[in-house]
1. For the range A:235-269, what are the residues that are surrounded by 21 or more Cβ atoms within 10 Å (Cβ to Cβ) and over 16 Å from the mean Cα position of the chain (by Cα)?
2. Considering only the range A:28-132, give the strands (runs of 3 or more DSSP E) lying wholly within it that have at least 1 residues that are under 30 Å from A:Arg178 (Cα atoms) and of a type in the set (Ser, Thr, Tyr).
3. Test each condition in (1) within 12 Å of A:Ala186 (Cβ to Cβ); (2) free of Cβ contacts under 8 Å to residues at least 24 places away in the same chain for A:Ala134 and report the one that comes out false.
4. Of all residues in the range A:164-206, which are of a type in the set (A, V, I, L, M, F, W, C) and outside any helix (DSSP H, G or I)?
5. Among the residues that make up the range A:126-139, is at least one of them within 8 Å of chain B (Cβ to nearest Cβ), among the β-branched types (Val, Ile, Thr) and touching a Pro at 6+ places or on another chain (Cβ under 6 Å)?
6. For residues in the range A:85-102 being out of contact with any Leu (no Cβ under 9 Å at 6 or more places or on another chain) and within 14 Å of chain B (Cβ to nearest Cβ), which is farthest from A:Val117 (Cα to Cα)?
7. Having 3 or more residues that are modelled with pLDDT of 85 or more is the bar; report the helices (runs of 4 or more DSSP H) wholly within the range B:1-101 that clear it.
8. Between residues in the range A:342-354 that are on the phi > 0 side of the Ramachandran plot and residues that are modelled with pLDDT of 80 or more and open to solvent by less than 70 Å² (accessible area, probe 1.4 Å), which pairs lie under 6 Å by C-beta distance while being six or more apart or on different chains?
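The values are calculated or read from the model by the stated rules, or taken from the named source; none is laboratory data. Just so it is clear, the structure is predicted and the values come from calculations on it, not from any experiment. Don't worry about glycine lacking a Cβ; one is built from the backbone with ideal geometry, like all the others, and counts go over all protein chains shown. Only protein heavy atoms, including side chains, enter the accessible area calculation; ligands, DNA and RNA are left aside. Shrake-Rupley method; radii C 1.70, N 1.55, O 1.52, S 1.80 Å.
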Amino acid sequence: MTEPRRDAAIRVEGIWKIFGERSRQAMEAIRRDGLSKREIRERFDCIVGVRDASFSVGRGEIFCIMGLSGSGKSTLIRHINRLIEPTAGTVWIEGENVSAMGAEALRRLRAEKIGMVFQSMALMPHRTVRDNVAFSLEVRGRPEEERIRTADRALEMVDLAGWERKYPDELSGGMQQRVGLARALAADPAILLMDEPFSALDPLIRRQLQGTFMELSAELHKTTVFITHDLDEAIRIGDRIAIMKDGVLVQIGTPEEIVTRPADDYVADFVAGISKLDLVTAARVMVPFAAYVQAQGPQDTTGWPVGRPEMKLNELVDLAVATDHPILIAADGEPVGVVTKRALLRGIQGRDEERAA
Amino acid sequence: MADKAFDWLNPFASVNLGIATWADGIKQWAISNRELIQPVKQFFETVIVAIERALQATPPLVMLAILVLIAWQTAGRRGAIAVGTCLVVLGLLAPEAWGLAMTTLAIVIAAVILCVAIGLPLGILAGKNDRFEAAIRPVLDTMQTIPAFVYLVPVVMMIGIGNVSGVIVTIIFALPPLIRLTSLGIRGVNPSVVEAARAFGASPGQILRKVELPLAMPTILAGLNQTIMLSLSMVVIASMISVKGLGNEVLRAMGRLDAGKAIVGGLGIVMLAIVLDRITQGLGRSGRDRGHRHWWETGPAGLVTALFKKTT
């Protein structure tokens, strides 16, 4: 599930974070005796924030980490740019070991390679929008003319041209977070870290900003780690999703994998209410053509609607309502499977045909 | 140690650790180390004399105009009117009142400059470091509450009477609020903004200069205001060690039971206090209060700037 890819932009290996004065001893005790979270709290007065987290994010991929509040996701994302020091484990960014970096190298990495967006926006109230956006360039000592040019370009990307000289408190919440996004994009970093960027906004603005973000990310192809507590948001945005619970990464997979094959009851509960219509593909619900023929005898497939394996259930429904025949799934002109009405309905329900039967 | 029979119910009366005698040694130490302090004293003296000379050499009306303009800049039109009125009242109190007030002002300015030089770094340190804050707290409590007369004697023994001693005792009394409020201001900065600055690669020094100090500035300036007011309240006590100025008038009038002179001196101190308070309180206004304009875009400087913009 987490085998390191060769082109991984971010690789997180065995990160542990234990909060408390005696975190070192607690870590050793865990290694030695495998203590539980509760035992650690009782014996060492330490809190386990992240428990042995490993994952890798490919270049240009959007990786969502989903969990409820207190699950440790905000702690985990802060290890990537080392705002928090891990108790154990290593973070690699484009082949460089972040954990081994000196102070100056780390500052350069943060200013030039990583942009971060915060739930609380965290804009500087005493600086204009433009000076906020250009902050990472300013700390690297870039000339003013370049700072203005870069900041204005970033503001244009988030549709805030003309607001450069305003102060954050003169902007609405949604606009402030767009400034936050512009600040993260200004230095043209390879990596974006988004810590629940849209959670504090009202639903309408949230959807708008998700749209803005997805347009930008389709255009810019930034490697993104996106934290959210909203599964709909994770599914909408993420190429892959990691579900986090009590500091542990419970499951990592594509939205379709998470929804159709939850790793445990916790994840299953989470995804129960999610609509499968635009998520599950024909390949997941079809019966292989050979097996269908074996069971039902040779078939005359003329007049059957034809779909492709990567079609979503929603599209299959459109095909199915026009006829009484099952749907033939074909790839490269060859029939590969059959989706019966029954399988389609079970697929929408989120249950496998054989298990339901 | 115990000169009479030990009483269990009142043990303190029969125990004498000799702390007073031991503490008196500080005085002896101060006298025997006078030479060490001479260069420092010389430097203080030069600074104070230079400030006083500048203040005395400026004609009263010019000085009045300068102070009113400064008040207009920092505190707006209302502040300027208050400052102007107070200065006129001060000048009309007595023929010699203006000159005495300038002497007092020189001492206060010297003390406040040194307070900022000492207090700002200590306050920042206290804001960043819990241990240092815990250690410095009892020291600040002592400085604020110990009667000035207690340290008046050792300071005079070491440095002698005069302006330098006056400035030093003023600093001891007036320094604590600046340290306390600087620390409070730094601690009050929104931690998520500091985290954002770190996330974008700012070094600790850049975070201090570009984020923490600007955001803590209103609180720090409130501390500066308190420091100025406290140093003014020390001028009468400082006049006991032969510091000239308004305080000395009050002290001499008290000695002669001359109520009229005492009132004139006292009112003079109050007028000076209002002037300094208005000017420094205005400094604490945030950018938002000024309608997000830079300081040079408001007040008299704003008029000058606008004039230049029109001509160019």
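1. Result: A:Gly247, single match.
2. Counting at least 1 such residues, we get A:47-58.
3. If we test A:Ala134 against (1) within 12 Å of A:Ala186 (Cβ to Cβ); (2) free of Cβ contacts under 8 Å to residues at least 24 places away in the same chain, just (2) comes out false.
4. Result: A:Leu171, A:Ala187, A:Ala190, A:Ile191, A:Leu192, A:Leu193, A:Met194, A:Phe198, A:Ala200, A:Leu201.
5. Within the range A:126-139 (the criterion being within 8 Å of chain B (Cβ to nearest Cβ), among the β-branched types (Val, Ile, Thr) and touching a Pro at 6+ places or on another chain (Cβ under 6 Å)), the answer is no, since none of the residues qualifies.
6. Filtering the range A:85-102 for residues that are out of contact with any Leu (no Cβ under 9 Å at 6 or more places or on another chain) and within 14 Å of chain B (Cβ to nearest Cβ), the one farthest from A:Val117 (Cα to Cα) comes out as A:Gly102.
7. B:34-57, B:60-93
8. From the range A:342-354, the pairs are A:Gly350/A:Lys276.
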